[in-house]
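*Asks:* Provided herewith is a single structure, encoded as C-alpha coordinates, for subsequent inquiry.
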Amino acid sequence: MKKTTVFLCVCAAFCAFGAVNIEHKQNKKANREYNNFRILNSAPVKYNIDYNISERKGVKTVGDRSSSSTGIGLNYGWYNSGCLRIFVNGKTLNTPAKIDRKGDTLTFTWTEAVLKMTFPEGSDRIYCHVSAPGAKNVKLGFLGMPGFLAKRKSEMKSYVSSSKVNHFLNDGKYITQGESWFMLYDGEVNKRGIPVVILDPAEVKSGEVTGGAKRLLIVARFSMKKSDCRFILMGIPSGHKDAETLYEDLKANGGKYLESLKKFQFK
(Lines give C-alpha, C1' and ligand atoms only; values in the text may rest on other atoms or scores of the structure.)
Protein backbone atom coordinates (compact mmCIF):
# COMPACT_ATOMS: atom_id res chain seq x y z
CA MET A 1 0.00 0.00 0.00
CA LYS A 2 2.83 2.41 0.85
CA LYS A 3 4.55 1.82 -2.51
CA THR A 4 1.27 2.44 -4.30
CA THR A 5 0.74 5.70 -2.41
CA VAL A 6 4.24 6.94 -3.28
CA PHE A 7 3.72 6.02 -6.93
CA LEU A 8 0.42 7.89 -7.08
CA CYS A 9 1.98 10.96 -5.48
CA VAL A 10 4.80 10.98 -8.04
CA CYS A 11 2.28 10.64 -10.88
CA ALA A 12 0.18 13.47 -9.46
CA ALA A 13 3.22 15.76 -9.24
CA PHE A 14 4.24 14.85 -12.79
CA CYS A 15 0.75 15.55 -14.15
CA ALA A 16 0.61 18.86 -12.30
CA PHE A 17 3.27 20.17 -14.67
CA GLY A 18 1.46 19.00 -17.79
CA ALA A 19 3.17 15.59 -17.93
CA VAL A 20 6.48 17.19 -18.95
CA ASN A 21 9.69 16.76 -17.00
CA ILE A 22 13.13 18.21 -17.74
CA GLU A 23 15.99 15.97 -16.64
CA HIS A 24 19.32 17.68 -15.94
CA LYS A 25 22.65 15.87 -16.07
CA GLN A 26 25.92 17.63 -15.28
CA ASN A 27 29.52 16.52 -15.63
CA LYS A 28 32.55 18.59 -14.64
CA LYS A 29 36.00 17.88 -16.01
CA ALA A 30 39.05 20.12 -15.54
CA ASN A 31 37.99 23.59 -16.72
CA ARG A 32 34.83 22.38 -18.48
CA GLU A 33 31.26 21.96 -17.26
CA TYR A 34 28.92 19.87 -19.41
CA ASN A 35 25.16 20.27 -18.96
CA ASN A 36 22.44 18.31 -20.71
CA PHE A 37 18.72 18.94 -20.36
CA ARG A 38 16.60 16.08 -21.63
CA ILE A 39 12.92 16.81 -22.27
CA LEU A 40 10.80 13.91 -21.04
CA ASN A 41 7.27 13.84 -22.45
CA SER A 42 5.15 12.01 -25.02
CA ALA A 43 6.01 14.41 -27.86
CA PRO A 44 6.94 12.90 -31.26
CA VAL A 45 10.36 14.60 -31.13
CA LYS A 46 12.70 13.98 -28.17
CA TYR A 47 14.58 17.22 -27.63
CA ASN A 48 17.87 17.65 -25.82
CA ILE A 49 19.52 20.93 -24.82
CA ASP A 50 23.30 21.05 -24.41
CA TYR A 51 24.91 23.88 -22.45
CA ASN A 52 28.64 23.68 -21.89
CA ILE A 53 30.76 26.17 -19.97
CA SER A 54 34.54 26.62 -20.32
CA GLU A 55 36.90 28.62 -18.14
CA ARG A 56 40.20 29.99 -19.36
CA LYS A 57 42.37 32.44 -17.44
CA GLY A 58 39.47 33.16 -15.13
CA VAL A 59 37.05 33.99 -17.97
CA LYS A 60 34.00 31.79 -18.53
CA THR A 61 32.52 31.26 -21.99
CA VAL A 62 29.75 29.04 -23.32
CA GLY A 63 29.47 26.60 -26.22
CA ASP A 64 31.66 27.23 -29.26
CA ARG A 65 33.46 30.52 -28.62
CA SER A 66 33.73 31.23 -32.36
CA SER A 67 29.95 31.11 -32.87
CA SER A 68 29.26 34.26 -30.78
CA SER A 69 26.15 32.53 -29.47
CA THR A 70 24.33 31.93 -26.22
CA GLY A 71 25.94 28.47 -26.13
CA ILE A 72 22.51 26.81 -26.11
CA GLY A 73 22.72 23.72 -28.30
CA LEU A 74 19.77 21.79 -29.69
CA ASN A 75 19.56 18.45 -31.48
CA TYR A 76 17.97 17.46 -34.82
CA GLY A 77 19.53 19.81 -37.34
CA TRP A 78 20.56 22.63 -35.02
CA TYR A 79 24.15 23.46 -34.06
CA ASN A 80 24.61 21.67 -30.74
CA SER A 81 27.41 23.99 -29.58
CA GLY A 82 25.28 27.12 -29.88
CA CYS A 83 22.25 27.34 -32.17
CA LEU A 84 20.88 30.65 -30.87
CA ARG A 85 22.40 34.10 -30.95
CA ILE A 86 20.91 36.97 -28.98
CA PHE A 87 22.35 40.47 -29.40
CA VAL A 88 21.16 43.20 -27.04
CA ASN A 89 22.25 46.74 -27.96
CA GLY A 90 24.92 45.19 -30.18
CA LYS A 91 26.33 42.95 -27.45
CA THR A 92 26.16 39.17 -27.86
CA LEU A 93 25.02 37.15 -24.85
CA ASN A 94 27.88 34.63 -24.66
CA THR A 95 28.47 34.43 -20.92
CA PRO A 96 27.00 31.77 -18.60
CA ALA A 97 23.33 32.31 -17.82
CA LYS A 98 21.46 31.45 -14.67
CA ILE A 99 19.26 28.48 -15.59
CA ASP A 100 15.96 27.55 -13.94
CA ARG A 101 13.75 24.62 -14.88
CA LYS A 102 10.17 24.32 -13.82
CA GLY A 103 7.63 21.98 -15.34
CA ASP A 104 7.84 22.30 -19.12
CA THR A 105 10.01 25.45 -19.19
CA LEU A 106 13.72 26.26 -19.15
CA THR A 107 14.57 29.86 -18.27
CA PHE A 108 17.96 31.39 -19.11
CA THR A 109 18.68 34.68 -17.36
CA TRP A 110 21.46 37.14 -18.18
CA THR A 111 21.86 40.69 -16.90
CA GLU A 112 20.64 42.04 -20.25
CA ALA A 113 17.82 39.63 -21.10
CA VAL A 114 15.72 36.59 -20.22
CA LEU A 115 14.96 33.65 -22.51
CA LYS A 116 12.15 31.18 -21.85
CA MET A 117 12.00 27.89 -23.74
CA THR A 118 8.76 25.94 -23.25
CA PHE A 119 8.22 22.35 -24.41
CA PRO A 120 4.45 21.69 -24.54
CA GLU A 121 3.25 18.15 -23.95
CA GLY A 122 2.68 16.23 -27.20
CA SER A 123 4.09 18.97 -29.47
CA ASP A 124 7.10 18.95 -31.81
CA ARG A 125 7.39 22.73 -31.34
CA ILE A 126 9.45 24.68 -28.77
CA TYR A 127 7.92 28.04 -27.82
CA CYS A 128 10.50 30.71 -27.00
CA HIS A 129 10.28 34.22 -25.57
CA VAL A 130 13.05 36.82 -25.27
CA SER A 131 12.64 39.83 -23.02
CA ALA A 132 15.26 42.58 -22.82
CA PRO A 133 13.61 45.44 -20.88
CA GLY A 134 14.73 48.87 -22.02
CA ALA A 135 16.92 47.59 -24.87
CA LYS A 136 17.17 49.87 -27.90
CA ASN A 137 17.71 46.98 -30.30
CA VAL A 138 17.59 43.19 -30.23
CA LYS A 139 18.88 40.85 -32.90
CA LEU A 140 18.39 37.10 -33.13
CA GLY A 141 20.48 34.55 -34.99
CA PHE A 142 19.74 30.87 -35.61
CA LEU A 143 22.49 28.41 -36.59
CA GLY A 144 21.44 25.21 -38.35
CA MET A 145 23.52 22.22 -39.42
CA PRO A 146 21.12 19.89 -41.23
CA GLY A 147 23.54 18.15 -43.60
CA PHE A 148 26.84 16.40 -43.90
CA LEU A 149 30.51 17.31 -43.48
CA ALA A 150 31.48 18.23 -47.03
CA LYS A 151 35.11 17.87 -48.10
CA ARG A 152 34.84 20.92 -50.36
CA LYS A 153 32.63 24.00 -50.22
CA SER A 154 31.42 23.23 -53.75
CA GLU A 155 29.79 20.06 -52.38
CA MET A 156 27.42 22.06 -50.15
CA LYS A 157 23.81 22.19 -51.21
CA SER A 158 22.22 24.43 -48.60
CA TYR A 159 18.68 25.75 -49.01
CA VAL A 160 16.11 27.83 -47.19
CA SER A 161 12.41 27.35 -47.84
CA SER A 162 9.66 29.69 -46.72
CA SER A 163 6.09 30.41 -47.73
CA LYS A 164 7.50 32.45 -50.63
CA VAL A 165 10.68 30.76 -51.90
CA ASN A 166 12.93 27.73 -52.13
CA HIS A 167 16.28 29.52 -52.26
CA PHE A 168 19.60 27.83 -53.09
CA LEU A 169 21.99 29.54 -50.68
CA ASN A 170 25.05 28.72 -52.80
CA ASP A 171 23.71 31.41 -55.16
CA GLY A 172 23.89 33.99 -52.37
CA LYS A 173 22.07 35.03 -49.24
CA TYR A 174 18.31 35.36 -49.10
CA ILE A 175 16.76 38.63 -47.87
CA THR A 176 13.53 37.75 -46.11
CA GLN A 177 10.20 39.14 -47.32
CA GLY A 178 7.92 39.12 -44.29
CA GLU A 179 7.54 35.35 -44.02
CA SER A 180 6.61 33.69 -40.75
CA TRP A 181 8.45 30.36 -41.14
CA PHE A 182 11.83 29.23 -42.45
CA MET A 183 13.02 25.68 -43.07
CA LEU A 184 16.81 25.18 -43.38
CA TYR A 185 17.94 22.08 -45.18
CA ASP A 186 20.58 20.29 -47.23
CA GLY A 187 19.65 19.40 -50.81
CA GLU A 188 21.59 16.13 -50.54
CA VAL A 189 20.94 14.57 -47.16
CA ASN A 190 19.53 15.83 -43.85
CA LYS A 191 20.89 13.09 -41.63
CA ARG A 192 21.14 15.39 -38.61
CA GLY A 193 17.55 16.59 -38.99
CA ILE A 194 15.93 19.76 -40.35
CA PRO A 195 15.82 23.01 -38.35
CA VAL A 196 12.77 25.28 -38.54
CA VAL A 197 12.16 28.71 -37.06
CA ILE A 198 8.79 30.47 -36.89
CA LEU A 199 8.54 34.19 -36.04
CA ASP A 200 5.82 36.80 -36.03
CA PRO A 201 6.63 38.97 -39.10
CA ALA A 202 5.03 41.92 -37.31
CA GLU A 203 7.92 41.77 -34.81
CA VAL A 204 10.70 41.55 -37.44
CA LYS A 205 12.39 44.65 -38.85
CA SER A 206 14.62 42.79 -41.33
CA GLY A 207 16.17 39.39 -41.90
CA GLU A 208 18.51 37.34 -44.05
CA VAL A 209 19.63 33.73 -44.43
CA THR A 210 23.09 32.62 -45.53
CA GLY A 211 24.83 29.29 -46.08
CA GLY A 212 28.53 28.94 -45.50
CA ALA A 213 31.47 26.86 -44.28
CA LYS A 214 32.14 23.36 -45.53
CA ARG A 215 30.36 21.84 -42.56
CA LEU A 216 27.11 23.23 -44.02
CA LEU A 217 26.31 25.84 -41.41
CA ILE A 218 23.16 27.81 -42.31
CA VAL A 219 22.57 31.06 -40.44
CA ALA A 220 19.32 33.04 -40.23
CA ARG A 221 19.60 36.58 -38.82
CA PHE A 222 16.75 38.84 -37.75
CA SER A 223 16.64 42.39 -36.43
CA MET A 224 13.61 42.77 -34.18
CA LYS A 225 11.36 45.82 -33.88
CA LYS A 226 11.13 45.71 -30.10
CA SER A 227 12.88 44.33 -27.03
CA ASP A 228 10.22 41.72 -26.32
CA CYS A 229 9.77 39.01 -28.96
CA ARG A 230 8.78 35.39 -29.42
CA PHE A 231 9.54 32.54 -31.81
CA ILE A 232 9.15 28.80 -32.30
CA LEU A 233 11.99 26.35 -32.84
CA MET A 234 11.53 22.93 -34.40
CA GLY A 235 14.16 20.26 -35.01
CA ILE A 236 12.72 17.53 -37.21
CA PRO A 237 14.43 14.12 -37.52
CA SER A 238 13.83 12.11 -40.68
CA GLY A 239 12.01 9.46 -38.64
CA HIS A 240 9.35 12.06 -37.81
CA LYS A 241 9.00 13.91 -41.14
CA ASP A 242 11.13 13.96 -44.28
CA ALA A 243 11.90 17.26 -46.02
CA GLU A 244 8.98 17.06 -48.44
CA THR A 245 6.45 16.14 -45.74
CA LEU A 246 7.73 18.89 -43.45
CA TYR A 247 7.54 21.48 -46.22
CA GLU A 248 3.95 20.54 -47.07
CA ASP A 249 3.03 20.65 -43.38
CA LEU A 250 4.47 24.15 -42.99
CA LYS A 251 2.75 25.37 -46.14
CA ALA A 252 -0.58 24.03 -44.89
CA ASN A 253 -0.25 24.84 -41.19
CA GLY A 254 2.33 27.63 -40.89
CA GLY A 255 -0.42 30.21 -40.32
CA LYS A 256 -1.93 28.08 -37.58
CA TYR A 257 1.45 27.65 -35.88
CA LEU A 258 1.97 31.43 -36.00
CA GLU A 259 -1.40 32.05 -34.37
CA SER A 260 -0.56 29.55 -31.63
CA LEU A 261 2.70 31.46 -31.05
CA LYS A 262 0.87 34.78 -30.75
CA LYS A 263 -1.59 33.34 -28.24
CA PHE A 264 0.89 31.25 -26.24
CA GLN A 265 0.96 32.01 -22.53
CA PHE A 266 4.51 31.92 -21.17
CA LYS A 267 4.71 31.19 -17.46
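The values are calculated or read from the model by the stated rules, or taken from the named source; none is laboratory data. This one's a predicted model, so the numbers in the text were calculated from it and none came from an experiment. Positions of Cβ are generated from backbone atoms using ideal geometry, with glycine treated the same way; all protein chains shown enter the neighbour counts. Note: areas computed on protein heavy atoms with side chains; ligands, DNA, RNA excluded. Shrake-Rupley method; radii C 1.70, N 1.55, O 1.52, S 1.80 Å.
*Asks:* Relative to the present Cα-Cα distance, how much length would full extension add between Asn170 and Lys46 at 0.36 nm per residue of separation?
*Replies:* 41.5 nm
*Asks:* To test your reading of the geometry: what angle, between 0 and 90 degrees and rounded to tens, separates the Cα axis of helix 2-16 from the longest principal axis of the chain?
*Replies:* Relative to the chain, helix 2-16 is tipped by roughly 40 degrees.
*Asks:* Here's something else I'd like to know. Could you compute the net charge surrounding Phe266? Neighbours are other residues with a C-beta less than 15 Å from the C-beta of Phe266; K and R count +1, D and E count -1.
*Replies:* Neighbour charge sum, excluding Phe266 itself: +3.
*Asks:* Rounded to the nearest 10 Å², what accessible area does Glu188 have for a 1.4 Å probe in the complete protein model?
*Replies:* The accessible area comes out at roughly 110 Å².
*Asks:* How many angstrom separate the Cα center of segment 242-267 from the Cα center of segment 23-37?
*Replies:* Result: 33 Å between the Cα centres.
*Asks:* Once Lys and Arg get +1 and Asp and Glu get -1 on their Cβ, which of Gly58, Gly77, Pro44 lies farthest toward the positive end of the dipole of segment 36-87?
*Replies:* So the residue furthest toward the plus end is Gly58.
*Asks:* From the protein chains alone at 1.4 Å, what is the descending order of accessible area for Ile236, Ile53, largest first?
*Replies:* Result of the area sort, largest leading: Ile53, Ile236.
*Asks:* Projected onto the charge dipole of segment 83-214 (+1 at Lys/Arg Cβ, -1 at Asp/Glu Cβ, origin at the Cα centre), which of Ser161, Tyr127, Asn94 gives the Cα projection farthest towards the positive end?
*Replies:* Projecting each Cα onto the dipole axis, the largest value belongs to Asn94.
*Asks:* Okay, next question. Once label points are set 7 Å from the Cα along Cα→Cβ at both Arg56 and Lys267, what is their separation, rounded to one decimal in nm?
*Replies:* 3.8 nm
*Asks:* When only Cα pairs under 8 Å and 6 or more residues apart are kept, what is the percent relative contact order across the chain?
*Replies:* Relative contact order comes out at 16 percent.
*Asks:* Just to confirm a number: summing +1 for Lys and Arg and -1 for Asp and Glu over residues other than Asn31 whose beta-carbon lies under 12 angstrom from that of Asn31, what do you get?
*Replies:* Net of charged neighbours comes to +4.
*Asks:* Then there is this: Given a 1.4 Å probe, how much area per residue of the chain is accessible, in Å²?
*Replies:* 49 Å²
*Asks:* Further question on the same structure: Keeping the other protein chains in place, figure out the carbon and sulfur percent of the accessible area of the chain, with a 1.4 Å probe.
*Replies:* After summing per-atom areas, the C and S share lands at 51 percent.
*Asks:* What net charge is computed for the residues neighbouring Met183, neighbours being all others with C-beta under 13 Å from the C-beta of Met183, Lys and Arg scored +1, Asp and Glu -1?
*Replies:* Residues close to Met183 contribute a combined charge of -3.
*Asks:* Helix-derived [θ] at 222 nm for the chain: sum -39500 (n - 2.57) over DSSP H runs of at least 4, divide by residue count, nearest 500?
*Replies:* -4500 deg cm²/dmol
*Asks:* Take Thr109 and Gln26, extend 7 Å from each Cα along the Cα→Cβ direction, and tell me the distance between the two endpoints in nm.
*Replies:* Calculated label separation equals 1.6 nm.
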